[in-house]
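For reference, the structure is listed below as structure tokens.
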Amino acid sequence: MGLNLTKKIIKGHLLSGSMVPGEEISIRIDQTLTQDSTGTMAYLQFEAMGIPRVKTRKSVAYIDHNTLQTGPENADDHKYIQTVASRYGVYFSRPGNGICHQVHLERFGVPGMTLLGSDSHTPTCGGLGMLAIGAGGLDVAVAMGGGPYYLTMPRVCRVVLKGKLKPWVSAKDIILEVLRRLTVKGGVGKVMEYAGEGVKSLSVPERATIANMGAELGATMSIFPSDEVTKEFLKAQGREQDWVELKADDDADYDEEIEIDLDGLEPMAAQPHSPDNVARVKDIGRIKVDQVAIGSCTNSSYMDMMKVALILKGKTVHPDVSLVIAPGSRQVLTMLSQNGALAHMVAAGARILESACGPCIGMGQAPASNAVSLRTFNRNFEGRSGTPTARVYLVSPEVAAASAISGYLTDPRELGEPPAVEMPQSFLVNDNMIVEPAPEGNSVEVVRGPNIKPFPVNRELPEKLEGRVLIKLGDNITTDHIMPSNAKLLPFRSNVPYLAEFCLTPCDPDFPRRAKENGGGFIVGGVNYGQGSSREHAALAPLQLGVKGVIAKSFARIHMANLINSGIIPMTFVDSRDYGFIENGDELVLENARKQLMDGNELVIKNRSKGVEIRVKVPVSKRQAEIILAGGLLNYTRKQGGQKE
Ligand code: MIC
Ligand code: SF4
């Protein structure tokens with residue numbers, strides 16, 4: 001039996017374990033990326049490891065999230081990242097150069113290589129045939145130091161694309177259809193490997209849109225073959241030498257398969273407040289729209305922007321709609337400005353934003369109260385836009401542009417012939433905003449602003465773990481609930497003590513106070529707890545507040561890894577009905593915690609308040625159990641290196 005593409009690349013990078021789904025494996029990482037809102041923490045952790053220079057083939061630090069700069073905090077962090085990058089051998093993509101995933105696809109991604117990024121949408125480069133995975137900052141720091149990346153061997157799901165998209169239907173509609181079918185937890189523990197004749201008709205940026213939103217499925221990553229289309233893309237980026245052909249063997253074996261008939265797809269939208277709440281635009285109906293936002297790492301490529309510009313050409317944005325556009329990279333923005341497309345956007349009344357994440361992470365452009373906002377982004381979690389009452393719909397650039405003109409949710413097929421946009425033969429390449437690291441790092445002084453505060457580090461797991469249930473939550477709690485990010489909070493990503501004051505406040509404004517008054521305790525969650533971003537702040541802020549363990553029905557992959565790395569014990573109910581036997585304020589105790597954990601079987605938690613016992617599992621490998629025992633990955637690594645805690 002032949003190998004699928006995922007297994008081929010994993011096999012070439014495998015350091016330990018065997019490729020059996022569910023088993024822990026470790027792989028060698030060729031490239032890393034960080035962005036600024038997770039990057040400060042990643043580099044602080046890298047520094048704490050005492051390694052003189054990164055050991056990867058290429059590591060890049062991007063500034064794209066915190067670009068609002070309403071106070072000195074962001075600029076201070078940019079300076080820190082620029083200097084620390086230079087010192088330790090990391091390339092630095094300056095603010096304004098673009099969104100990390102878009103720029104990495106254009107300038108650095110290489111088919112067949114591995115990429116680990118401190119951002120959940122790192123799998124975007126899977127569109128190039130790269131094995132690209134999102135992780136917490138500490139895991140990325142370890143990879144920068146040359147350490148292996150540990151993951152659970154995923155199941156590989158073959159997604160067979162048949163046929164060809166109809167006019168006005170695009171890559172976003174494909175991934176929205178996958179989300180509709182599989183839901184936000186349907187990809188957990190899986191790689192989505194795309195195949196079939198439909199792949200050939202998709203450009204690399206279109207493939208990247210699909211791979212990008214695999215994160216919303218909860219998938220470990222998504223990957224496309226590297227073929228002639230990939231070669232043309234890399235050639236147009238002046239990087240033909242990076243191309244290699246990669247595909248699954250004809251007789252490759254897959255764990256699962258789904259099939260999508262591209263001809264049958266229609267323009268779609270994910271309705272509030274979840275990326276899997278998907279319906280056809282024509283079935284949702286003519287809802288009135290207040291804001292349209294086009295951009296983000298999902299849909300801000302040159303081709304996307306050209307389609308938008310041509311739809312807007314000669315038209316005027318509806319008087320009740322605010323249209324904002326953020327081209328994904330400086331390459332895209334420059335090309336649009338040189339060919340006149342930017343002028344069409346501006347003339348139509350679009351408000352042009354810098355090439356950065358911007359409104360996607362609530363950095364400006366919060367919609368009005370109760371507004372309907374159409375966005376070409378990837379997440380529409382409640383409150384993420386910065387306006388708790390806003391209703392956000394995720395759509396393709398075509399639907400967004402058509403709706404900006406009409407003022408209501410519009411099926412773009414109403415516009416007649418679609419604009420004809422050609423993939424450029426060559427992109428405008430100018431890397432002058434990517435700063436190379438200093439050849440001799442020792443001479444670079446790392447500049448630390450006053451906003452950088454020490455991050456919490458856990459202690460060894462005690463014999464007895466006890467505390468109250470501080471909060472009981474429902475299903476699909478996102479990291480945006482656990483550690484909200486918006487224009488007011490994002491500047492404090494280097495200041496965990498400050499951020500902790502906002503931990504879980506969207507669910508209960510009293511949570512931080514209660515946690516502190518009780519000297520910490522437990523969080524209880526439902527299914528897919530911690531879905532969404534890779535921010536390890538969603539583990540560090542609870543740690544700061546003394547949270548010892550989280551008991552949930554199931555966990556999202558990256559968040560669970562972040563909890564383990566912080567020494568917070570993740571537990572799942574053996575019988576999910578036991579969820580019903582725990583209430584807010586209940587006193588829980590886990591006796592012989594260290595022994596129970598290392599025995600690897602079921603653990604028994606006593607609910608003193610109810611007088612019942614609850615059976616839980618800690619779904620971790622032996623290595624991860626040892627990390628929890630040591631009080632987190634930093635302590636564990638120091639111990640391994642024989643250093644004192
Ligand atoms: C996001 O889209 O939620 C972010 C902001 O890019 C996060 C990273 C972060 O919280 O800094 C992600 O997706 O990992
Ligand atoms: Fe930035 Fe949004 Fe992409 Fe996250 S999802 S990297 S905030 S553009």
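Structure notes:
- Förster radius 51 Å - calculated FRET efficiency between LYS11 and LEU310, Cβ distance, rounded to 0.05: 0.70
- Extension gain, GLU256-GLU24: 0.36 nm per intervening residue step, less the Cα-Cα distance, totals 81.5 nm.
- Fewest-first sequence of GLU466, GLU417, GLU436, GLU266 by Cβ atoms within 10 Å of each Cβ: GLU417, GLU436, GLU266, GLU466
- Using the alpha-carbon positions of the range 506-581, Rg (one decimal) and Dmax (whole number) come out as 12.1, 31 Å.
- Proximal charge balance of PHE573 [Cβ under 10 Å; K/R count +1, D/E count -1]: +2
- Packing, as the average of other Cβ atoms within 10 Å across residues, places the peptides 439-452, 122-135, 617-630 in the order 122-135, 617-630, 439-452, highest first.
- Violating pairs (Cα-Cα greater than 22 angstrom) within the set LYS164/LYS315; LYS464/LYS548; LYS55/LYS622; LYS595/LYS617: LYS164/LYS315; LYS55/LYS622
- Spin-label pair GLU266/MET49, simplified geometry with 7 Å Cα→Cβ offset, distance in nm: 5.1 nm
- Residue separation of ASN592 and ALA368 scaled by 0.36 nm, minus their Cα-Cα distance, works out to 75.4 nm of gained length.
- Separation of alpha-carbon centers, the range 278-306 and the range 366-408, rounded to whole Å: 8 Å
- Prolate/oblate/rounded call for the range 306-452, Cα gyration tensor, a/c under 1.5 rounded: oblate
- Overall form of the range 288-371 per C-alpha gyration tensor (a/c, 1.5; a/b vs b/c): oblate
- Positive dipole terminus of the range 236-329, leading residue within PRO267, GLY285, GLN237 (C-beta point charges): GLY285
- Taking 20 °C and 1.002 mPa s as conditions, the chain diffuses translationally at an estimated 87 µm²/s according to Stokes-Einstein applied to its Kirkwood radius (Cα pairs).
- Projected label distance in nm at ILE434 and ARG623, using a 7 Å step from Cα toward the beta-carbon: 3.0 nm
- Rounded if a/c under 1.5, otherwise prolate or oblate - the range 1-104, Cα gyration tensor axes: prolate
- Bridges between two residues of the chain, per DSSP, are antiparallel at a rate of about 35%.
- Annotation note: trypsin sites (Lys or Arg not before Pro) in the range 206-291 located in DSSP loop regions with a Cβ neighbour count of at most 14 within 10 Å are ARG286.
- Long-range amide H partners of ALA248 with built H, under 5 Å: LEU5
- Whole-Hz ³J(HN,Hα) from phi, Karplus 6.51 cos²θ - 1.76 cosθ + 1.60, for the range 15-23, glycine and proline x: 10, 7, x, 10, 7, 9, x, x, 8
- Ranked by the mean number of other Cβ atoms within 10 Å of their residues, highest first, the peptides 51-58, 357-364, 13-20 fall in the order 357-364, 51-58, 13-20.
- At R0 = 60 Å, FRET efficiency that the Cβ-Cβ distance of GLU460 and SER426 yields, to 0.05: 0.60
- Computed label-point distance, nm, for sites GLU517 and LYS166 using a 7 Å Cα→Cβ extension: 5.9 nm
- Applying 1/(1 + (r/R0)^6) with R0 = 22 Å to the Cβ-Cβ distance of LYS79 and CYS507 gives a FRET efficiency near 0.05.
- Inter-part distance where the range 193-238 and the range 580-644 are each reduced to a Cα centre, Å: 40 Å
Every number here is computed from the coordinates shown, using simple stated rules; none is lab data. As the structure is a computational prediction, the values presented were derived from the model and not from experiment. Please note: Cβ atoms are built from the backbone with ideal geometry, for glycine as well, and neighbour counts cover all protein chains shown.
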